[in-house]
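Just so it is clear, none of the values below were taken in a lab; they were calculated from the coordinates. Remember, it's a predicted structure, so these values are computed and weren't measured experimentally. Methodologically, a virtual Cβ is constructed for each residue, glycine included, from the backbone with ideal geometry; neighbour enumeration extends over all protein chains shown.
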Amino acid sequence: MAPEASLSHLHRADGSATYIHNGYCIIGAVNGPIEVMRRDEMPEEATIEVNVRPAAGVGSPKERHLETLLHSTLRSIILTRNIPRTLVQITLQVRSLPEEDGTSGVNTSLTLLPHLLNTALLALLSASIPLRTILTSLLIALPTPTPKMKQPVPILSPTSTELFRTQPIASLHVFAFSADRKLLLSESEGTFKYAEWEEAYEMAEEVCCRDQGGVGLGGGEGMEVDGEEASANLEEWLRGVVRRKVEVEQRWRSAT
Amino acid sequence: MATKTANAAPALSFPRPIFAALSPHPFLQAHLSSQGQAKPPRANGRTAADFRTPSIKTGALTHCHGSAVVRVGGTSVVCGVRGEILRGEDVQTADVEVSAGNGEGDDTAEISGLRLLVPNVELSTGSTPLHIPGNAPSGYAQTLVTRLRSLLLSTRLIRARDLRILYTPPGVADEMEEEDSVPEVEIKGYWVLYIDTVFISLDGNALDAAWIAILAALASTRLPKAYFDEELEIVVCSDTPSEAQKLELRGLPIPSTFAVFEGQFEQEGEEYDGEESWVLNDPDAFEESVCREMVCVVVDGSEGMNKMAVKRIEKSGGGVVGKDIMKVLVKRSAERWQIVQGVLKEVE
Amino acid sequence: MPREAEISVNEREFILKALQESVRLDGRALDAFRPLELTFGDEYGVADVKLGRTRVIARISCEVTAPLPERKFDGIFQIITEFSPMASPAFEVGRPTDAEIILSRILEKAIRRSNALDTESLCIIAGSKCFALRADVHIVDHDGGLIDASCIAVMAALQHFRRPDVLVEGEKATILSVREREPIPLSILHQPLCVTFSYFEDGERFLVDANMAEEQVRQAEVIITMNRHGEVCQIAKYGGATVDPLALLNCNTIALQKVKELSKFIQQKLEEDVKKKDKGGLMAELSAENAR
């Protein structure tokens, strides 16, 4: 299932995005560069503020932790030195979670994190904040080996129903990659070996980053035909989303 | 140390502390890239792969069921574990399926659903210049609590069995034995463990220090024997210390934190070549303020060194550490595990 | 923190001049609402309201707790409105603005204190167990008319929400999950809705459902909350230009007409949603039987 995304649909925010995937729906908004409070002002770079707001209730330490992770990851991709003494304000509102979210017995911050990262990036793109690179993120679950299956197959971007069914989960991994295939974020939890982490890493890299060989136009054009091809690769998908947005914005120009 | 810095910039040099305060990034870079030594030392005198060895003292607090003081270099933490009783009738059965079984099954749902473990972190006044006293818990403290809590739950350190307060009704038990010999055990309550960690001083690597303190405190925890009194119909605790129970911990997960220092490139557009970066073990507060990328690896080798299991990998903030460096870091963490485990053993 | 961008003098003059000629910039009649959209999520108790460019999402959630000691027979119901910088960079987290305080006060008076929700029905066992219901109001996009939109969102979400069923045996209450027993709707006693009147020209002229620009230019506002039976739940006027008492009566008549329209609209949307859900439910049941 490819994620659904719509960009720049809010009127007040400088940039916005809604991201829907596997029952998660997150609305992201970015304001920036705007005036920064004196207390937070930095002379040589932009201040980044991330707000994560849960679907129900007010923010708890769990949201603060997610904010910290998002902050440090986004700080490494935003060209903060290009817009010094300003503020980039990122607000992520969780609109809905899948029904089984709480019951699948896994850490719910990890299942939410890749969706938050992807939403934040889309919103940043929509607000035209200068970025060093893009990022794509996903979740991988490794089920516990059973007598029947000694080598369990890792599940890529599992839905919460899948997580619920494949209990017990041995380990959960969240990866985020930049466009130049660098690992920007990794959060793993459970019991695993380094080799398993490496295997998950390689799987995630394959899905997140597109083939280095086919950087040319060839790879991009095939995907215009339908959305399904893009679903296999997150970076292709992301490029597709942005391409569609630009096409809509330029429709007058291209028509004349 | 001081002379070395002076050598690097002989004539127009600042005194060392002023150089560090004015331009922290070049200061550390000058240290790490100083020529002529196989392992150039960091500003604090350690080499990149050096950890600070913790020193631990348990049983420091008298009014807790378990406590520990841990010092890791300039970071000192006190951890106190206090058990309080959650009455059976206050348990909202809707929250979680409760089974009185003694099994080794997955009890995370029970512990997290009933919130039987409550960690808290406090940065005391004066522990770090970054912390303003009198404010609500900062984002830093809240992040730390969340990480500690999820580590406590995901490593399944505590057994729910140790926290249950059981009661076997005498009359019923006899009857049952005739039928299928399984006595009806009721859960009359739970121990809720309040795990408070207070930072007396904070010089980097808060998570490692806090976690080692929590481990030591939990290992020294003795919960008094609690039982259900039929006549009073309440849960009461025994006053005899000899009846107190130890907690049986599952494994011994130990975290190691690393900071990644990226060499500064002159201009923004200029991409750095990837070689000018160092991974520093166990960063202190100064290094944490300069480094952006942080890695934390939690390993557990209690099943034997060759079966070293990774319990958690956290990494964010930059793109230097890939899978190759991570392999090295997991190895470094395993070495660190042995050292810390040794120190913890000595205390017990 | 950046302040809300103030409307320019030219724009202000333009809006006022146009109003003198009974023209609104978006071409609406003076007493017309902006186009209203109401959608429900897949889950129970989520209402997404779009009123022109204003967008508000209300979400109802519930859990089981002990009731307040002084109100043993009542459940707990609270409405939480926290503005986020998403709607406007002038909103700061943890520091409520005046608009936010007024919004939460009005919703409190309009919905909670008018007993729109029967809190006694949320009680499970007197003094020991009850449902705690909370309504979270998320302001996603802000173009004026927050109070009216939020009120519609909360009332629609309350009517859409289904709470889990409970089985009470003596002192023991078992909460039945959605899989075990079909959840049940809340008992709603009446449906209060807010209509905001904005006054111009020293209280001589008023508008219904002002947008952001009109709100910045107006001299006074009157918020009337009413249900479709014409029972007034609350009236609020926070300072500003004086308003003729007889004009308030006129406002009431208009409010009643608007509330009736809105109620009908919400009812219609709720019915559509029930049909949509029911269709799926029936189909699922049928297919299960066929498989057997």
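Of note:
- Peptides B:337-345, A:106-114 ranked from most to least packed give A:106-114, B:337-345, packing being the mean of other C-beta atoms within 10 angstrom over each peptide's residues.
- When +1 charges are put on Lys and Arg Cβ atoms and -1 charges on Asp and Glu Cβ atoms, the dipole computed for the stretch C:9-291 relative to its Cα centre reaches about 300 debye.
- Amide H contacts under 5 Å for A:Leu10, placed H, 5+ residues apart: A:Ser16
- Alpha-carbon centroid distance for the pair the stretch A:3-75 / the stretch A:111-155, whole angstrom: 17
- The protein assembly as shown, dipole about Cα centre (Lys/Arg Cβ +1, Asp/Glu Cβ -1), debye to the nearest 20: 1600
- Axis angle, to the nearest 10 degrees, between helix C:146-160 and the longest C-alpha principal axis of chain C: 20 degrees.
- Bridge orientation summary for chain A: considering DSSP beta bridges with both residues in this region, about 85 percent are antiparallel.
- Electrostatic tally near A:Pro143: other residues with Cβ closer than 12 Å to its Cβ, Lys and Arg +1, Asp and Glu -1, net +1.
- For the stretch C:152-239, trypsin sites (Lys or Arg not before Pro) meeting the loop criterion (DSSP other than H, G, I, E, B) and having at most 15 other Cβ atoms within 10 Å: C:Arg179, C:Arg181.
- Cα centroid of the stretch C:181-210 to Cα centroid of the stretch B:144-167, whole Å: 48
- Across the alpha-carbon atoms of the stretch C:59-199, the computed radius of gyration and Dmax are 16.9, 57 angstrom.
- The stretch A:65-95: trypsin sites (Lys or Arg not before Pro) in DSSP loop, at most 15 other beta carbons within 10 Å: A:Arg85
- Set of lysines with alpha-carbon distance to A:Lys182 below 26 Å, sequence-local pairs under 8 removed: A:Lys193, B:Lys311, B:Lys315, B:Lys323, B:Lys327, B:Lys331
- Semi-axis lengths (Å, descending) of the ellipsoid that matches the C-alpha gyration tensor of the stretch C:22-139: 33, 17, 15
- Under-5 Å amide H pairs with A:Ile48, H placed in peptide plane, nonlocal only: A:Val88
- Dipole orientation for the stretch A:4-255: of the candidates A:Ser96, A:Pro168, A:Met203, A:Ser96 has the Cα lying most toward the positive pole (charges on Cβ; Lys, Arg +1; Asp, Glu -1).
- The orientation-averaged projection of the convex hull spanning the C-alpha atoms of the stretch A:4-255 amounts to 15.7 square nanometres.
- Mean shadow area of the stretch C:107-170 over all directions, Cα convex hull, nm²: 5.4
- Chain C: most fluctuating residue of C:Arg34, C:Arg163, C:Arg24 per GNM, C-alpha cutoff 10 Å: C:Arg24
- Once the gyration tensor of the Cα atoms in the protein assembly as shown is diagonalised, the equivalent ellipsoid follows with semi-axes of 47, 40, 28 Å, ordered largest first.
- Summarising the overall dimensions of the stretch B:111-260 from its C-alpha atoms, the Rg and Dmax are 20.1, 68 angstrom.
- Exercise: per-residue mean of other protein chain Cβ atoms within 10 Å, A:84-92: 3
- The label point for A:Asn82 and the one for C:Ala247, both projected 7 Å from the Cα toward the Cβ, are 5.2 nm apart.
- Check: the stretch C:128-284 dipole with +1 on Lys, Arg Cβ and -1 on Asp, Glu Cβ, in debye: 800
- Loop GluC sites (Glu not before Pro), the stretch C:35-87, which have at most 11 other Cβ atoms in a 10 Å radius of their Cβ (DSSP): C:Glu70
- Whole-number D in µm² s⁻¹ for chain C, Kirkwood Cα-pair radius fed into Stokes-Einstein, 25 °C, 0.890 mPa s: 118
- In the stretch B:209-348, Cα pairs under 8 Å separated by at least six residues give a relative contact order of 21 percent.
- Peptide A:60-69, shielding by other chains (average Cβ, 10 Å cutoff): 6
- Of all beta bridges that DSSP places with both ends in the protein assembly as shown, some 90 percent have antiparallel geometry.
- Chain A, relative contact order [Cα under 8 Å, separation at least 6], %: 18
- Listed residues C:Ile223, C:Pro192, C:Gly240: farthest to the positive end of the dipole of the stretch C:9-291 (Cβ charges): C:Pro192
- Span from the the stretch B:286-316 Cα centroid across to the the stretch B:207-237 one, whole angstrom: 29
- Sequence-distant lysines (8 or more away, or on other chains) whose Cα lies within less than 17 Å of B:Lys345: B:Lys57, B:Lys246
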